Amino acid sequence: MTGNQQDYEPKHKRDLTRRKVVVAGAGAAVAVGAGATLASGAFADETTSSTSASSTSSAEVCYKLTSETTEGPYYIDADKLRRDITEDKEGIPLVLDLKVIDSETCKPIRNAAVDIWHCDALGIYSGYESLSTGGGGTTPTDAPSGTPTGEPPSGAPSGGTGGGGHEEPTDDERYLRGTWKTDKHGKVTFKTVFPGWYRGRTVHIHTKVHVGGEWTDAGYEGGNTCHTGQFFFDETSVLASAEVEPYSTSTTERTTLDEDTIYDQSGTTGGLLKLKYNKKNIAKGVTGSLTMGVDPDATNEGTSL
């Protein structure tokens, strides 16, 4: 692949033992609204931005295994090797400071490949725009009130169980998706936007952690997927985001954190992010941090949950 390549083959036509990636250029455009300065500054100084994820590392005790969840139907195998996954999507700037440790030894896991992917501010997933049920705009006059339209995306099939099989991509868009490797401290930082919501699911971000593979010029190859999970946001932050455009234009009914069928209500072990932001102006940007305790010898693809 090249950095300018725009065409993507369906997943079933790719070699599934290779996570082919595209290195994003340093000049990639970012449009994240009024809070760009705050988020860009935090991301530019990686040492500063990742500190919050391990500010208590000196007193850190061994973590429980972070909860495994479903992969959902909208996973695309690592098309972009990059830390800034924003592309041109509008929304509240979000910096994710993550750390990956061995849950048994508490030692950081270096050179792990961490994937994240999520919907945009209006509930749309790249690669699956025609299947997503985003909430922007006005409900059609010929649609009966309360009648759902489209297929429920990302692990929210009929019945609300959060399962569902993998769907093949329907378009070549890849915004809000990316993969990057952990450093010697097990840390990795991503720059993105605060996700929106869609029918049947609370606000969330998907993640996978791959270990035991090899980083090459082609990307990350081999190894095993030791963790498949999701990150969640507390209700206070989501309600604050809903007052900011474009989130405020959504017409989709929101599922609360307590109502979600995937979040297991276990706090950080279940993927609940620790958030920092200006409580009077969330539009300036949010920093979310979490330590993921994983079993590097396990295989958790998240496709049979």
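The values are calculated or read from the model by the stated rules, or taken from the named source; none is laboratory data. The structure presented is a predicted model; accordingly, all values stated were derived computationally and were not measured. Cβ sites come from the backbone with ideal geometry, for glycine too, and all protein chains shown count toward neighbours. Remember, those area values only see protein heavy atoms, side chains included, never the ligands or the DNA or RNA. Shrake-Rupley method; radii C 1.70, N 1.55, O 1.52, S 1.80 Å.
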> Do you know which of the residues in the stretch 175-206 that are modelled with pLDDT of 95 or more and of a type in the set (Lys, Arg) is most open to solvent (accessible area, probe 1.4 Å)?
Replying inline: LYS184
>> Against the definition (open to solvent by 30 Å² or more (accessible area, probe 1.4 Å) and either within 30 Å of LYS64 (Cβ to Cβ) or not charged (D, E, K, R) (or both)), how does LYS284 come out, yes or no?
In response: no
>> Just to be sure I understand, how many residues within the stretch 66-81 are at pLDDT 95 or above and closer than 20 Å to LYS187 by Cβ?
In response: 1
